[in-house]
Amino acid sequence: MEVLMSDRKIENIIPYSTNSFQSEKAYLWVWHADKIPPHLGLSTQSRYYSLKSNGKDQNVCFEKVIQLIDRKKIKTLAIELNCEIELAKVDRVFESYKMNSIAGTTCLSPIKDILGKSNPSKLQYLLDELELGQEIVKYIGFNIDDSFSGIPYYTEQDILRRLELLDNDA
């Protein structure tokens, strides 16, 4: 078995419970946190948003997200952000995106716009900026056990290859 180098070591992950999670807060979601590359989403005020290769999730009820993660046992991180995000702004930004197969557009693109971060090209760089600005409150893990060593190393090219693969499967 190949051992993957960790792009981002994440410690002090709190296991998900109704006590550790407040759905009205802002969260950056890292789906398939153990895969290359992971998928990203954003939630605020109990509503979930994500740009995908085949469309987008927009204004989805938070409970449906939790049910999907639980049912499919997806290793997911919810990163609580120390900021308030206006729901109308999230709607406007996600409305302006069609799908992430357009050249240079990824699931990170609308999230960067909403958070006002123009530089990050992948999750590691976004997390660096958020930590530098002390914008991360805590990491909450869904289906994350002690064997989780962090976000695997990947490149921008890995993102484009994955999008191309998904586009060809559609």
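The values are calculated or read from the model by the stated rules, or taken from the named source; none is laboratory data. All figures in this text were calculated on a predicted structure; none of them were measured in a lab. Glycine also receives a Cβ, built like all others from the backbone with ideal geometry; neighbour counts cover every protein chain displayed.
Listed values, structure above:
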quantity: Criterion: among the aliphatic types (A, V, I, L, M), out of contact with any Gly (no Cβ under 7 Å at 6 or more places or on another chain) and modelled with pLDDT under 95 - qualifying residue of LEU40, LEU81, LEU51; calculated: LEU51
quantity: Residue match in the stretch 98-120 (condition: assigned to a loop (DSSP other than H, G, I, E, B), surrounded by 19 or more Cβ atoms within 10 Å (Cβ to Cβ) and in contact with a strand residue (DSSP E or B) (Cβ under 7 Å, 6 or more places away or on another chain)); calculated: yes
quantity: Within the stretch 38-74, considering residues that are touching a residue at least 24 places away in the same chain (Cβ under 8 Å) and among the basic types (Lys, Arg), the one farthest from VAL90 (Cα to Cα); calculated: LYS73
quantity: Subset of the stretch 51-97 [surrounded by 14 or more Cβ atoms within 10 Å (Cβ to Cβ), within 27 Å of ASN12 (Cβ to Cβ) and of a type in the set (S, T, N, Q)]; calculated: THR76
quantity: The lone exception for SER147 - which of (1) without any contact (Cβ under 8 Å) to a residue 12 or more places away in the chain; (2) among the hydroxyl-bearing types (Ser, Thr, Tyr); (3) within 19 Å of ASN54 (Cα to Cα) it fails; calculated: (3)
quantity: Lone unmet requirement of (1) among the polar types (S, T, N, Q); (2) farther than 17 Å from ARG162 by Cβ; (3) surrounded by fewer than 21 Cβ atoms within 10 Å (Cβ to Cβ) for THR44; calculated: (3)
quantity: Residue that is nearest to LEU87 (Cα to Cα), among those in the stretch 130-163 that are of a type in the set (D, E, K, R) and crowded, with 17+ Cβ neighbours inside 10 Å; calculated: GLU135
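Residue-by-condition table, conditions (1) small (Gly, Ala, Ser); (2) modelled with pLDDT under 95; (3) farther than 21 Å from THR106 by Cβ; (4) in a strand (DSSP E or B):
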| position | (1), (2), (3), (4) |
| --- | --- |
| GLU11 | no, yes, yes, no |
| SER20 | yes, yes, yes, no |
| SER23 | yes, yes, yes, no |
| LEU28 | no, no, no, yes |
